[in-house]
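Right, one structure below, let's go through it.
Readers should treat all values here as calculations from the given coordinates under stated rules, not as data from a laboratory. Owing to the predicted nature of the structure, the values given are computational and were not obtained by experimental measurement. Heads up, the Cβs are rebuilt from the backbone with ideal geometry, glycines too, and the neighbour counts pull from every protein chain shown.
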Amino acid sequence: IRKMQDLDLQGKRVLIRQDLNVPVKDGAVTSDARIRASLPTIKLALDKGATLMLMSHLGRPTEGESDPAFSLQPVVDYLNKALDGGVVLATDYLNGFDVSSAKVTVLENVRFNKGEKSDDETLAKQYAALCDVFVMDAFGTAHRAQASTHGVAKFAKEACAGPLLSAELEALGKALDNPARPLVAIVGGSKVSTKLTVLESLAGKVDQLIVGGGIANTFIAAQGYNVGKSLFEESLIPEAKRLMQAAKDNNGEIPVPTDVVTGTEFSELTPAALKAVDSVDDADMIFDIGPETAKALAAIIKKAGTIVWNGPVGVFEFDQFGEGTRALAMAIADSDAFSIAGGGDTLAAVDKYGIEDKVSYISTGGGAFLEFLEGKTLPAVAILDRD
Ligand code: 3PG
């Protein structure tokens, strides 16, 4: 795959697909992590003398409708501050426009265009016609085969990977393809069903798989313990058992919590109670791992050569159920291992516990990060191999 860094962009019309899909409230960006991660690419393209266009989706508007609630204008406002002005929004661009008049032109939300999500060829050709070089830099959207991520790369005169995409692939490759061992993966979150493929794929790859959050509840139930009113998936108990056996055969048993923190309703106000895993009552809901479990998991993390983290191990947004996730975050922060974290909730936890500078690589991908962990090919990356 060709890299933007290696290309001559002087005087060329360069179209970069970024993932500027950030949360917006009252017309302002509320979390700028993805924009910050995209800035070095923009600056490099400008330094290389490109005539620059950026494109992205934002949210999930009804396709083909220009809904102002999903406009990229707040992102343009942000970029104007970050780049000292010269950034404009283009709303009418599909049939060509005068791109040289601004320092950076941001094309309005690609999902306002009919055919974007279905990877329509006519639309992809229209994007391709706008540029001399297409740069795919949206790792967070690389799992989507859509006109602005996939189709355009087929038809552009030249297509390459941007620096952010390259860095993401390199970091993930380092963690999973040729890791320093032991390789430890922490998979938390609420449901086994949404992460089953990830768990299956990782179970065969890692030296130690740690499960947390609602996912762990299904594993606790699989061991025959009462989980009370906790979120768990009864139908997936056989899967949990199979994964535990597979891990055992692979010499890395999946540790099931020995103590848990419970509440009686999903609320910020519910009091926390620490219980042994075999003492959960019918009215209880498990919301976090207990300190004994956290200590045991921290010891595993301490010995790791590589750590992959996706998903919190408790309802950390309520402080009384955040200690388990905090303990794991601190163990990752203290570790010398190569560590990588990804996924929306995980990044919120990284933020809350202030370990941003202590994680080796923080991915901008949510769904794309998960699909990579599942071992799937990312279509918008694969298409860059076209020549
Ligand atoms: C994300 O936020 O995971 C990406 O930007 C992809 O967004 P989508 O799930 O709406 O395609």
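Nearest 500 deg cm²/dmol is fine: what mean residue ellipticity at 222 nm does the chain get from its DSSP H runs of n ≥ 4 alone, each adding -39,500 (n - 2.57), divided by its residue count?
Helices in the chain give a 222 nm mean residue ellipticity of -10000 deg cm²/dmol.
By how many degrees, between 0 and 90 and to the nearest 10, does the Cα long axis of helix 237-249 differ from the longest principal axis of the chain?
90
Which order do Phe97, Phe321 fall in if you start with the one that has the fewest other Cβ atoms within 10 Å?
Phe97, Phe321
Write down the Å³ per residue value for the convex hull defined by the alpha carbon atoms of the range 181-336.
Per residue, the Cα convex hull of the range 181-336 comes to 93 Å³.
Taking a point 7 angstrom from the Cα of Ser118 along the C-beta vector, which residues in the range 68-84 have backbone N less than 12 Å away?
none
How many angstrom lie between the Cα centre of the range 108-183 and the Cα centre of the range 234-306?
Here the answer is 38 Å between Cα centres.
Using only the Cα atoms of the range 4-165, build the gyration tensor, take square roots of its eigenvalues as a ≥ b ≥ c, and label the shape rounded, prolate or oblate: rounded if a/c is under 1.5, else prolate if a/b is larger than b/c, else oblate.
rounded
Once fully extended, how much extra length lies between Ala348 and Gln223, figured as 0.36 nm per residue of separation less the alpha-carbon to alpha-carbon distance?
41.9 nm
What is the order of Leu89, Leu123, fewest Cβ neighbours within 10 Å to most?
Taking fewest neighbouring Cβ atoms as first place, the list is Leu89, Leu123.
With loop defined by DSSP as not H, G, I, E or B, and exposure as at most 13 other Cβ atoms within 10 Å, which is the longest segment of the chain clear of exposed GluC sites (Glu not before Pro)?
Segment 66-252 is the longest.
Could you give the angle, 0 to 90 degrees to the nearest 10, between helix 213-222's Cα long axis and the longest principal axis of the Cα atoms of the chain?
Helix 213-222 sits at roughly 40 degrees to that axis.
Counting Lys and Arg as +1 and Asp and Glu as -1, each charge on the Cβ, what is the dipole of the chain about the Cα centre in debye, to the nearest 20?
In total the dipole reaches around 960 debye.
Can you give me the long-range amide H partners of Gly311? Hydrogens built in the peptide plane at 1.01 Å from N, cutoff under 5 Å, separation of 5 or more residues or another chain.
Gly188, Gly342, Thr346
Pairs Lys25/Lys358; Lys25/Lys352; Lys114/Lys195: which are spaced more than 26 Å apart, C-alpha to C-alpha?
Lys25/Lys358; Lys114/Lys195
Would you work out which of Ala246, Met330, Gly151 lies farthest towards the positive end of the dipole of the chain, given +1 charges on the beta-carbon of Lys and Arg and -1 on that of Asp and Glu, about the Cα centre?
Ranked along the dipole, the leading option is Gly151.
Checking the a/c ratio against 1.5 first, then a/b against b/c, what shape does the Cα gyration tensor give for the range 323-387?
prolate
Relative to the first principal axis of the alpha-carbon coordinates of the chain, what is the inclination of helix 192-203, with its axis defined by its Cα atoms, in degrees from 0 to 90 and to the nearest 10?
90
Roughly what % of Cα-Cα distances in the chain sit above 30 Å, to the whole percent?
That fraction is 44 percent.
Once fully extended, how much extra length lies between Ser193 and Glu170, figured as 0.36 nm per residue of separation less the alpha-carbon to alpha-carbon distance?
Stretched out fully, the Ser193 to Glu170 stretch lengthens by 5.4 nm.
Got the relative contact order for the chain handy, in percent, Cα pairs under 8 Å and 6 or more residues apart?
16
Provide the gained length on full extension for the span Ser31 to Lys3, in nm with one decimal, where the gain is 0.36 nm per separating residue minus the Cα-Cα distance.
Net length gain for the segment: 7.3 nm.
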